[in-house]
Structures are given as structure tokens and as C-alpha cells.
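Beneath this line is the structure, given in C-alpha cells, with notes to follow.
No lab work stands behind these numbers, since they all come straight from the coordinates. Bear in mind that the values here come from a model prediction, so they are computed numbers and not experimental data. Neighbour counts run over all protein chains shown; Cβ positions are idealised from the backbone, glycine included.
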Amino acid sequence: MTHHVLQRLETRLQNGDEAALADAFTLLHPRLARSIRLRMDRRMVGRIDADDVVQETFLVASRRLTDYREKVSCSLAVWLRTIALQVLVDASRFHLRSKCRSQELEVPLSQSTGPTTMPGLACGLTSPTRAAARRELNVKLQEKLGGMSEIDREILRLRHFEELTNNEAAEVLGIHKAAATNRYLRALRRLKPTMASYQDVQERTGS
């Protein structure tokens, strides 16, 4: 459903309906905020609010609508995500007074600050027993992720945590759609035993 709505919004924007941009932001705001939180440098936590970055992204995108219509070839969602990460980089540079490592602000998937990371899935394990189990699972997760290629880790970030579609993830990575699908499924298979362990802990502790 979201994909079809975005397609209609893209058509409206291409036809000169600038109001479609506001509708797109209403639809994509949660996704953009998740992307920002996931990519945010740990040092920026408490200094930058993801929602503020999204609002600034809307202002920047509004000024670049002509470029979007005439020059941009990627989908609307990917275009807005790219602008959001650029805004985040600029804000980080301003606050940290130093050059960011990269436009993507790469953060190890298992160490990201956002609430949608894999350790975040175990946040309900709050008793001492559950906390110990969560720590053990996090170590296993680190090991699994460390054994993956960067592109496989990235496909997990994009698909599982940022909730991009397969086509959008392929656009971001610059790879064929089929390749994006294969990499995502392969990465999930490698994480499956760890996630099965988490489910087992949940069942045994009754949480």
C-alpha cells in the first residue's frame, strides 16, 4: 500500500503539485526518523533530535523540488532519505566541529543507538536472568555480524531497521534488485540461530 501511495505522490510532484511533498513527509516521517537515529553518531545523542532533522529535511527538499523533477532518477523515498542523512551530517559537523567519517555515518549495526536495533528487540529482558541472557545474545550477535561482509550488514540496516523496501535498498546500494533480495535473505539465515535463541529465552522466562 505504501509503495503505491508513494508512486502516486511522485507523479503528483512531477506534475507540479508541491503539496504532495508534505503528504510524502507525513507518510515517511517515521521511516526517516528511524534512519536518522540508526545513523546518528553516539556523541550526538541528546544534542540532535531526529524529528528536528526530519523537519529540516522537509525544508531542504522543498528548495530542491526543481532538481528532483529535472535531475533526480531515484525514488522519492530514497531521495528524501539521502537529504535527511546530508542534514544529519551537517548538524553533526556543526555540533562536533569536526569532519564526520562519511555521509552515511556508519555505526556498527549491533551498537547503534536507535531503539530498533537487534539488542533493542531484547529490551524486555529486564530481570537479572533475562539481562544476562540478553548480554549473551548481544555477544553472539556481534560475532555473527562481524563475520558478515559490510554490504550484508548494510542490507540488514536498510531492510530490517530502516524498513526500506527491497527496491529502495537496491537503489541505495547501487545493486540489482535480485542481488539485494539474495543478500538480505542470506544475512537473515545467518542470524536465524541467534534469533531462535532469543525466542527460546522469551519462552523460558515467560516474558
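Got a sec? How would His4, His160 order by Cβ neighbour count within 10 Å, fewest to most?
Ascending number of Cβ neighbours within 10 Å: His4, His160.
Give the shape of region 2-96 as rounded, prolate or oblate, defined through the alpha-carbon gyration tensor: a ≥ b ≥ c are the square roots of its eigenvalues, a/c under 1.5 means rounded, and otherwise the shape is prolate if a/b is larger than b/c and oblate if not.
The shape class here is prolate.
Please report Lys71, Lys192 as a ranked list, fewest other C-beta atoms within 10 angstrom at the top and most at the bottom.
In increasing order of surrounding Cβ atoms, one gets Lys71, Lys192.
What distance in nm separates the simple spin-label points at Arg42 and Gln7, each placed 7 Å from Cα in the Cβ direction?
4.3
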